[in-house]
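The values are calculated or read from the model by the stated rules, or taken from the named source; none is laboratory data. Note that this is a predicted model, so its numbers are computed, not measured. Don't worry about glycine lacking a Cβ; one is built from the backbone with ideal geometry, like all the others, and counts go over all protein chains shown.
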Amino acid sequence: MADLLGNWRRHGNRRGAADLAAAIELQVQDGQLPLGTRLPAERELAEALGASRTMVAAALDRLRESGMVASRRGAGSWVAARASGLPPAPAADTGLIDLTRASPPAISGLVPAFDAARQRLPEQLSKTGYTGLGLLDLRERVAQRYTDRGLPTTPDQVMITNGALHAFVLALRLLAGPGDRVLVEQPSYPSAFEAIRAAHAVPVPVALGERGWDLAGIEAALRQAGPRLAFLIPDFQNPTGLRLDAEGRERIGTALARARTPVVVDETLVDVDLTGDPGAAPPPLAGTAPDWVITIGSAAKSFWGGLRLGWLRASEDLLGRLQAARFAVDLGSPVLEQLALSELLADAEPSLAKRREEVTALRDALVGALRWYCPDWEFRVPDGGFSLWCRLPEPMSTRLAVAAAGHGVQVVPGARFGAHGGLERWVRLPYSLPAEQLYEAVRRLSAAAASVRGSACALDAQIT
């Protein structure tokens, strides 16, 4: 807590309680203290901060009055605030630039893949079309990709799904029920939060800081919250772009196995490695706890979202249970798309290399535009993925999203990436549009930010 608050004193001892309350509120808005986080006892916090207990008590009283903190005798104090609602969607506008989706267009080899799939389709027409786990040759190629990355895999450990989110929902339905806790990163993928809530489960967030995963926090959450399931994105995490190193994967895998907590590991973005050396990537997290990891992947970011295909990898025993659970949802994935994806995976590296080259140029274009128009926005240039996670000069993400719609650009406020809102100092900016649209979008965002703050965000936002 003391490390998070940092240099919280702004006005010396004279306004110490007000400064401390403001510093705690900022960490709540920033998502570093998620809803439900239990706060230290007044005496412990006072000792850690080098402040008087009276000052700490006064700061907590301020936060209780505002509704940010709740307390109960014998149970201590905890974060109780929720972020404000989402902004309304802007009206249809042909000039609108959509920065809500971190999804690229299709690769150039998609049409030839479907041409080849159409030639293979007649061999499937005498069959039922219900493929169960998926077409064998596609599962073989997915399995080979894992084996090539150092995770030996057989086709019997792979199921083809209707996207990575579908794969997560299948695991969620099997392994977690109403009232069960699901450990998640914060920030994280908004649709995962929505799926957890739709299953009437409870997300338990562990803050993901600018320096990476809070490994001790994850271990503590596994001990204290007893989650039935976890959901992690270790490769170019959405939205931060961070990647968990090999040591961190080993530590998390060990903790999951010790707690006997299954985890869904989302590798949707693993192919979008912009380091120039994909072969130097850390090994899959599934190798650290084989019996407890369900790995999910997708064709959406690598090839095209319109394929609507993904997959999951798990132990044969767990995969059998997942297949049985799937019959209550659907009876398999479409055959023609599976044939096309199999063709794409037959020789995927040339297409993926070209994709990475194109994405690198778009990332650099967005970085350049932000440094020109919004130099006071902070961000880390990611080694992969499709988005920048930008720290704003002040807590204004939701207000910025509303103002941006009026300037012809649509963005998702930071609150959408929090399990319980917050993250008002953050906004995600994807770099999957053409470079000229990215430049124009950032120019419009700078004007929107200036209108929200009442002063210029950068140079003259009216530059034409």
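If G368 satisfies all but one of (1) at pLDDT 95 or above; (2) within 30 Å of S302 (Cβ to Cβ); (3) under 23 Å from the mean Cα position of the chain (by Cα), what's the number of the condition it fails? Unmet for G368, out of (1) at pLDDT 95 or above; (2) within 30 Å of S302 (Cβ to Cβ); (3) under 23 Å from the mean Cα position of the chain (by Cα): (3).
When the test is whether a residue is closer than 22 Å to M159 by Cβ, touching a residue at least 12 places away in the same chain (Cβ under 8 Å) and in a strand (DSSP E or B), V182 passes it. Tell me whether segment 105-114 contains one or more residues that are part of a helix (DSSP H, G or I), without any contact (Cβ under 8 Å) to a residue 24 or more places away in the chain and under 30 Å from Y439 (Cβ atoms). So far as segment 105-114 goes, yes, one or more of its residues are part of a helix (DSSP H, G or I), without any contact (Cβ under 8 Å) to a residue 24 or more places away in the chain and under 30 Å from Y439 (Cβ atoms). Under the condition of being assigned to a strand (DSSP E or B), within 13 Å of C390 (Cα to Cα) and hydrophobic (A, V, I, L, M, F, W, C), the residues counted in segment 418-438 number 3. For A51, state whether it is at pLDDT below 90, assigned to a loop (DSSP other than H, G, I, E, B), in contact with an Asp or Glu (Cβ under 7 Å, 6 or more places away or on another chain) and not hydroxyl-bearing (S, T, Y). Criteria not met by A51. Being more than 17 Å from L96 (Cα to Cα) and either free of Cβ contacts under 8 Å to residues at least 40 places away in the same chain or touching a strand residue (DSSP E or B) at 6+ places or on another chain (Cβ under 6 Å) (or both) is a description that does not apply to E424. Whenever a residue of segment 360-385 is more than 18 Å from Q437 (Cβ to Cβ), its partners that are among the acidic types (D, E), lying with C-beta atoms within less than 8 angstrom and at least six residues away or across chains, give the pairs R380/E210; D383/D273; G384/D235; G384/D273.
Checking A207, A143 one by one, the residue that is buried (at least 17 other Cβ atoms within 10 Å of the Cβ) and assigned to a strand (DSSP E or B) is A207 and no other.
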